[in-house]
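Chemist: What follows is a single structure, and I will ask about it in a moment.
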Amino acid sequence: MGTRQKFNLFITIFLVVAGIGCKPPGVQALYKGEELLERGEPKDAVVHFKEAVKQLPKEWRAWNYLGMALHRAGDLAGADQAYRQAVEVAGERRRSPNDPSFVLYFNMGRLGLDRGQLVDSEKKLHTYASEKQSFYSLFWLAEAFRRNGHWSEAQVTLERAIKLKSNSPEAWNRMGIIQLKLNKPVEAIASFKNALEHKKDFSEAQLNLAIAYYRYTPESFPDREALALESFKAYIDLNSKPHPHVQIMTDQLQSRLNPEPEPLASETNLTASLPLRNTNTVPSSTTALGKTNLVVEIPPVSNPNAIAQTKAPKETAQVLPERTAPPINPNPSVEPPPKEVTPPHLASKVDDTPSIAHRPDAPKSFKVPELPGVARYRYLKPERPLPESVQDPKRLKAIFDQAFHQHRLQELDEAIAGYRKVLKENPAHQQAYVNIALAMQVQGEVKESLPVYEKALAINPLSKVTRHGFATALNRSEYYIDAAREFQKLLEVYRDYVPAHLGLAVIYSEHLKVPEQAEIHYRRILKLNPQHPEAANIRQWLFNNDQR
């Protein structure tokens, strides 16, 4: 390149950096897309970012912005692909906290929350927040802890976030919910009040405050019902159309605390002609709350402990030097807990078979009905693999232990590869099959894990961990009839296994619509463990079911 060409190139670059002159098409597309994203038009922004990555395929910022726009537009799979391409382009430098591409840990962690890849999301957000301790990084790490059920870690992390930004009503509201889960109703009430101090019309926090008084405080709490009534009324004042269940609870409290006087004899005929309102009516257990913001239990409903997300604070992520990326707002919804049966813990050993194959006092299995329109799983029914003579047992154990260590560190791809090395040498190694299936579930490959579970069960059909994981994967894949049958097989061997009773109850209640069978298993859970974490929800469901 000649001197004149070098000079012209230098001038062009200078004008681009200075923001004057004609920008190259890729740069124009990049900044136009950013402008649209900031205006809340992610779908239009996607078009420009796709042009940007076409013109600038080696620019990680363009891929990162495309991922953000796709995320905002609801294309989570597309966002994942864009972020992965950004990671590939950025290379190893993304691991350095001093490099701008380090932000990819944050953005991919946020995407993982919305995709339900909670373990991987927690890992990425933890990596980012360990080095970049801003309000937003700590807030979303706390949210990952909360959604993974790590309540203590969520509380500690959110406390650190609030120290950096104490006027966030959303953060205080979520802190209250976490404190309720930790059985700290007094602290939760204070948190909900803090949220309302910073946002007086924050209806979700107002409702949470009312429910905290109504459901979580002990009976000895001073004026608990009066405070609950006052808070419910304040929530109703903020909502022109409050949820009918809230109105029912308010009416019940009103009738108890301020009963209407008996009508005089001369008024009897007048009152008799008015429509009666039964304030003790409890709605059907199948009524859904629909999408609301982060609200704790709304009794009496079928999902009284449902947690609906509030609109979370807008986070920032630096994706271009000295520029702030538009926020990615989540779009969470209410999920009646426990909608999904949690998978079993990672199996380091599978010595979990019972001492006897069948107990004479095991309950008779209910025949799960065939229902039209309900998808069915096509079983592969693999043959039991024959164990082969292992040449070096110590080496094989070392391979498994290394894979298991990587599994615990959530290095799932490496763990699966290690387990497959074990199976190559010993095709009858049941633990390897189980852990591969569990890792696949965490990665979101739920249906793909089903044949792996079948192979593990072919080796040991009495394994609790394996049968539970298989039933859970069937349930998540919406093979509800097959999931119910697998849970029943589990209870035939482990009669008092509470997670199986819970799995069956949820499926019968929510999906197969056999409430009489759901009731049997819910009552069995309360008998086996009256202090079960879902005991309050179960009692509310039983109450609602009795009213039908």
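Chemist: Give the residues of the stretch 430-474 that are free of Cβ contacts under 8 Å to residues at least 40 places away in the same chain, outside any helix (DSSP H, G or I) and farther than 21 Å from Ser121 by Cα, sorted by residue number.
Modeler: Once the filter is applied, which keeps residues that are free of Cβ contacts under 8 Å to residues at least 40 places away in the same chain, outside any helix (DSSP H, G or I) and farther than 21 Å from Ser121 by Cα, the stretch 430-474 yields only Pro461.
Chemist: Hey, among the residues in the stretch 523-538 that are touching an Asp or Glu at 6+ places or on another chain (Cβ under 9 Å) and either among the aliphatic types (A, V, I, L, M) or without any contact (Cβ under 8 Å) to a residue 40 or more places away in the chain (or both), which one's nearest to Asn183 (Cα to Cα)?
Modeler: The initial filter retains those residues of the stretch 523-538 that are touching an Asp or Glu at 6+ places or on another chain (Cβ under 9 Å), namely 524-525, 528, 536-537.
Add one more test, that the residue is either among the aliphatic types (A, V, I, L, M) or without any contact (Cβ under 8 Å) to a residue 40 or more places away in the chain (or both), and what stays is 524-525, 528, 536.
Details: Arg524: 24, Ile525: 21, Leu528: 21, Ala536: 13 Å.
So the residue we want is Ala536.
Chemist: So how many residues does the stretch 389-428 have that are surrounded by fewer than 16 Cβ atoms within 10 Å (Cβ to Cβ), assigned to a loop (DSSP other than H, G, I, E, B) and hydrophobic (A, V, I, L, M, F, W, C)?
Modeler: 2
Chemist: If we scan the stretch 512-527, do we find a residue that is of a type in the set (D, E, K, R) and under 23 Å from the mean Cα position of the chain (by Cα)?
Modeler: The initial filter retains those residues of the stretch 512-527 that are of a type in the set (D, E, K, R), namely 513, 516, 519, 523-524, 527.
Add one more test, that the residue is under 23 Å from the mean Cα position of the chain (by Cα), and what stays is none.
There is no residue in the stretch 512-527 that is of a type in the set (D, E, K, R) and under 23 Å from the mean Cα position of the chain (by Cα).
Chemist: For residues that are surrounded by 15 or more Cβ atoms within 10 Å (Cβ to Cβ) and either of a type in the set (D, E, K, R) or closer than 24 Å to Arg485 by Cα (or both), scanning just the stretch 538-548, find the one that is modelled with the lowest pLDDT.
Modeler: Taking the candidates together, the pick is Asn545.
Chemist: Residues in the stretch 126-145: is at least one within 20 Å of Gly78 (Cβ to Cβ) and surrounded by fewer than 23 Cβ atoms within 10 Å (Cβ to Cβ)?
Modeler: Taking the stretch 126-145 first, the residues within 20 Å of Gly78 (Cβ to Cβ) are none.
No, the stretch 126-145 has no match at all.
Chemist: I need the full set of residues from the stretch 143-182 which are under 21 Å from the mean Cα position of the chain (by Cα) and not in a helix (DSSP H, G or I), in order please.
Modeler: Once the filter is applied, which keeps residues that are under 21 Å from the mean Cα position of the chain (by Cα) and not in a helix (DSSP H, G or I), the stretch 143-182 yields Asn148, Gly149, His150, Leu182.
Chemist: Looking at Asn435, Asn475, can you tell me which residue is surrounded by 20 or more Cβ atoms within 10 Å (Cβ to Cβ) and within 24 Å of Lys394 (Cα to Cα)?
Modeler: Asn435
Chemist: If we keep just the residues of the stretch 484-531 that are in a loop (DSSP other than H, G, I, E, B) and of a type in the set (A, V, I, L, M, F, W, C), which is surrounded by the fewest Cβ atoms within 10 Å (Cβ to Cβ)? Break it down into steps so the answer makes sense when it comes.
Modeler: Initially, the stretch 484-531 is screened for residues in a loop (DSSP other than H, G, I, E, B), giving 494-497, 512-514, 529-531.
With of a type in the set (A, V, I, L, M, F, W, C) added as a condition, the list becomes 512, 514.
Details: Leu512: 20, Val514: 18.
Across the stretch 484-531, the extreme among qualifying residues is Val514.
Chemist: While we're looking at this one, here's another question. Restricting the stretch 183-232 to residues that are among the small types (Gly, Ala, Ser), without any contact (Cβ under 8 Å) to a residue 24 or more places away in the chain and part of a helix (DSSP H, G or I), which is surrounded by the most Cβ atoms within 10 Å (Cβ to Cβ)?
Modeler: So the residue we want is Ser191.
The values are calculated or read from the model by the stated rules, or taken from the named source; none is laboratory data. Small disclaimer: the values here were computed from a predicted structure and weren't measured. Please note: Cβ atoms are built from the backbone with ideal geometry, for glycine as well, and neighbour counts cover all protein chains shown.
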